[in-house]
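The values are calculated or read from the model by the stated rules, or taken from the named source; none is laboratory data. All of these numbers come straight from a predicted model, not from anything done at the bench. Neighbour counts are summed over all protein chains in view; Cβ atoms, including those assigned to glycine, are modelled from backbone coordinates with ideal geometry.
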Amino acid sequence: MININEKIEDYIKDTIPNFQKRGILFNCPVCKEVKCNTTKNSNKIYCLHCKKHIGNIFDVVKILEPDKANLSQEEITQYLKKKYDLDYLTEQDINRVFDFYMSLGFDLVPVVFNDKIPIEKDWLNKEHKNKEEWLDWFNDNLNFGVKAGEKSGVTTLDFDTKDIPEDLKKVLNETLLNITERGTHYIYQYEPTLKTTRIDEIKLDILNGKQFVVFPSKVNGARRKELIGKTINKMSPELIKYLQDKKATISSTTFSEPIDEEIKLEELEEINFNLVGEGNRNNFLLRLGGILQKQLGRSQLENVLGIINRMCCKPPYPQREFENICKSLDKYGAKDERELALKILVYLRIVGDASARDVKEVVGETKEKVDKALAFLVKEGYAFKKRSSYHVLKRIQWKDTFFDEDKLLDFKVPYFYDVAIFRPGDMILIGGQQKVGKSHVALNIIKQLVEQKKKPYYLNLEAGNRFAKIAKQLGLKDTDFFNATHFSPESIELEDKAITIIDWLLPKDYAETDKLFQHFAEQLFRHGGLLFVFVQLRNSGDFFAKDMVAMFPAFVCRYLYDKNAQGEETPETGAFHVDYVREPKQNRKRFIIPCKYGFETRRLTRTDELDMPAENNTITETKSHTEGIIEVNAESEQFIKETLGG
């Protein structure tokens, strides 16, 4: 898909009278001198005569056509699309398409761009009916497939030709259409009496399950346009009969659909191999090899162990690793030494790491034997030594799927839902000064989550915290959220797929802050979910150990009170000062979200969500969901750096 900024030179050529170009230089939209060129890799233009950047195509349109000076970027994009007949889907276009898909109840499949290959493994058993998720795919430049059959409630007739037989045309009743390069998709309401099949005689695929149709997308360089029509109709009885009377050529399958033939899984399940799991394979083969080595020669031993590795180990060792095990048996033949090495290996796997002295005490052997066994384990790659401790090498759990790694959350993240993209495993860091009401903010987050029918986990780390009183004032009740009090954050284990709020974190040693946040990051990796961490700020508004706290979170902000003309803090108004966003929605990573606190309701609300406009807010972006968010300009950013340390 073309980048609309690539049309900047064409637009200038078509708009400036007597356009000239000399080499890489062309007329400047401002001074009209032939002194302008395109900045490399930016699609912006710079004028040598004006000695400044003129801007991108949106800036140029506003300069050359003053009547369009107040148009939004989206409006200018639509104008240029029409002017140049561009193959370009804007955010407005795709929102309209996805709203239509939502109304129809479509279940989509993420597909490789410019192709028809699904990205997701086992896509037949996954469901994607969330518009936010679809928009995320669009931003990742993916194609979209609509599942055929009951999943999306549609039966699709896929014609590979423009020449549809006349007798079929007579019974093809009106419905939603998708025009492809070679033919047409007729999209009808789900018809359970038809099977997914191919009728080669009329070059037709009936797609009614275990298939998907790609639209609107790009396949093999050809754009599949938006759907034609607004409603999906039922097939006429005449059309159903026509299709049922035609002889199917072959049942259609997809590349990801398993073909069910003679071999049945239940037949294999009757055979019990007593499989050895991944964690025990090494011990099992070494022990068994030591026993067999007494009676078998080298080649016989390797053959027998090879069969056992393939039949009994799940998964079997790759050939190179298996050969290393056989070599280990050669080099370490003595039974007592082999048994000692295995005993030490098992112990190290249990405790994680241990010194040679610890190992000696546990196994009850002489220092000489223990040192020899440890040296063997290190040499053969089963363990490694770090300082005075021995550690077991851990096998990485590789996988060949990745699509679920960037799934979106299925709820709106309070206060930040429209400025950042959040995914399972993300950490949100919120700083607050002493007595600024961190617990009020935390409980307001819980209130908004409960209103979305979520049950979060609230962890209180502050002695004397009055969270229960705040919760009652907010109208929260027992069973709305889990809560606990805990004073050792380094020992916290998160719940699976939970939304957790930690209020508030005080490291025992600020030099160890990075390790504490690494612990939380590892917990999120294991358990998923979303974690809010509240921390104390300095009186200056800066983070303690600010370089360390920002290493792991996906979103970092500080909630600060506003100040009046006398420099006094005003608790009824404040703002989230966002310092970092890993995945912003609008390519901005620093901005301010103004809020207002209601002393009667105890509710903290974004000012753009209130009925009345916020006072003294200079709104720099007033489009749809970003209204009320103040973008940090260069002057504001300098103020943050100098005053707040952000």
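Within the range 182-191, if we keep just the residues that are outside any loop (DSSP other than H, G, I, E, B) and aromatic (Phe, Trp, Tyr), the residue that is nearest to residue 237 (Cα to Cα) turns out to be 188.
Candidates 452, 433: the one that is assigned by TED's automatic domain parsing to the domain that holds residue 469, in contact (Cβ under 8 Å) with a residue 40 or more places away in the chain and surrounded by fewer than 16 Cβ atoms within 10 Å (Cβ to Cβ) is 452.
Residue 396 meets the conditions (1) surrounded by 11 or more Cβ atoms within 10 Å (Cβ to Cβ); (2) under 30 Å from residue 496 (Cα atoms); (3) of a type outside the set (Gly, Ala, Ser) in every case but one. The failed one is (1). Out of the residues in the range 458-498 that are in a helix (DSSP H, G or I) and of a type in the set (S, T, N, Q), state the one that is modelled with the lowest pLDDT. Top of the filtered list is 491. Flag: residue 85 does not match the condition of being exposed (fewer than 15 other Cβ atoms within 10 Å of the Cβ), over 30 Å from residue 152 (Cβ atoms) and over 36 Å from the mean Cα position of the chain (by Cα).
Residues of the range 154-181 that are over 28 Å from residue 90 (Cβ atoms) and in a loop (DSSP other than H, G, I, E, B): 160, 161, 162, 163, 164, 165, 170, 171, 172, 173, 174.
In the range 549-577, the residue that is farthest from residue 445 (Cα to Cα) out of those that are buried (at least 20 other Cβ atoms within 10 Å of the Cβ) and of a type in the set (Val, Ile, Thr) is 549. Could we say that residue 143 is within 30 Å of residue 584 (Cβ to Cβ) and either in contact with a Lys or Arg (Cβ under 8 Å, 6 or more places away or on another chain) or surrounded by 13 or more Cβ atoms within 10 Å (Cβ to Cβ) (or both) here? It is true that residue 143 is within 30 Å of residue 584 (Cβ to Cβ) and either in contact with a Lys or Arg (Cβ under 8 Å, 6 or more places away or on another chain) or surrounded by 13 or more Cβ atoms within 10 Å (Cβ to Cβ) (or both). Find all pairs meeting these conditions: Cβ atoms under 6 angstrom apart; at least six residues apart or on different chains; first residue within the range 298-327 and assigned by TED's automatic domain parsing to the domain that holds residue 284; second residue modelled with pLDDT of 80 or more and among the basic types (Lys, Arg). Listed pairs, sorted by first residue: 313/281; 316/310.
Residue by residue through the range 3-22, note down the ones that are under 37 Å from the mean Cα position of the chain (by Cα), surrounded by fewer than 14 Cβ atoms within 10 Å (Cβ to Cβ) and not charged (D, E, K, R). Of everything in the range 3-22, just one residue is under 37 Å from the mean Cα position of the chain (by Cα), surrounded by fewer than 14 Cβ atoms within 10 Å (Cβ to Cβ) and not charged (D, E, K, R), namely 3. Evaluation of residue 402 against the conditions (1) over 19 Å from residue 528 (Cβ atoms); (2) surrounded by fewer than 21 Cβ atoms within 10 Å (Cβ to Cβ) shows that the sole unmet condition is (1).
Each row is one residue, and each column tells you yes or no for (1) free of Cβ contacts under 8 Å to residues at least 40 places away in the same chain; (2) in a loop (DSSP other than H, G, I, E, B); (3) closer than 26 Å to residue 505 by Cβ.
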residue: 400; (1), (2), (3): no, yes, no
residue: 411; (1), (2), (3): no, yes, yes
residue: 414; (1), (2), (3): yes, yes, yes
residue: 441; (1), (2), (3): no, no, yes
residue: 444; (1), (2), (3): no, no, yes
residue: 448; (1), (2), (3): yes, no, yes
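Number of residues in the range 155-166 that are loosely packed, with under 14 Cβ neighbours inside 10 Å and touching a residue at least 40 places away in the same chain (Cβ under 8 Å) equals 1. For residue 169, the conditions (1) farther than 20 Å from residue 198 by Cα; (2) exposed (fewer than 14 other Cβ atoms within 10 Å of the Cβ) all hold with the exception of (1). Contact annotation: residue pairs with Cβ atoms under 6 Å, 6 or more positions apart or on different chains, pairing a residue in the range 484-507 that is in contact (Cβ under 8 Å) with a residue 60 or more places away in the chain with a partner that is among the polar types (S, T, N, Q), are 503/439; 503/460.
Looking at the range 297-396, the helices (runs of 4 or more DSSP H) lying wholly inside it that each contain 1 or more residues that are at pLDDT below 85 and closer than 27 Å to residue 275 by Cα sit at 298-312, 319-331, 335-351.
Selection of helices (runs of 4 or more DSSP H) fully inside the range 36-142 by the criterion of at least 1 residues being within 25 Å of residue 6 (Cβ to Cβ) and of a type in the set (Phe, Trp, Tyr) returns 57-64, 73-84, 131-139.
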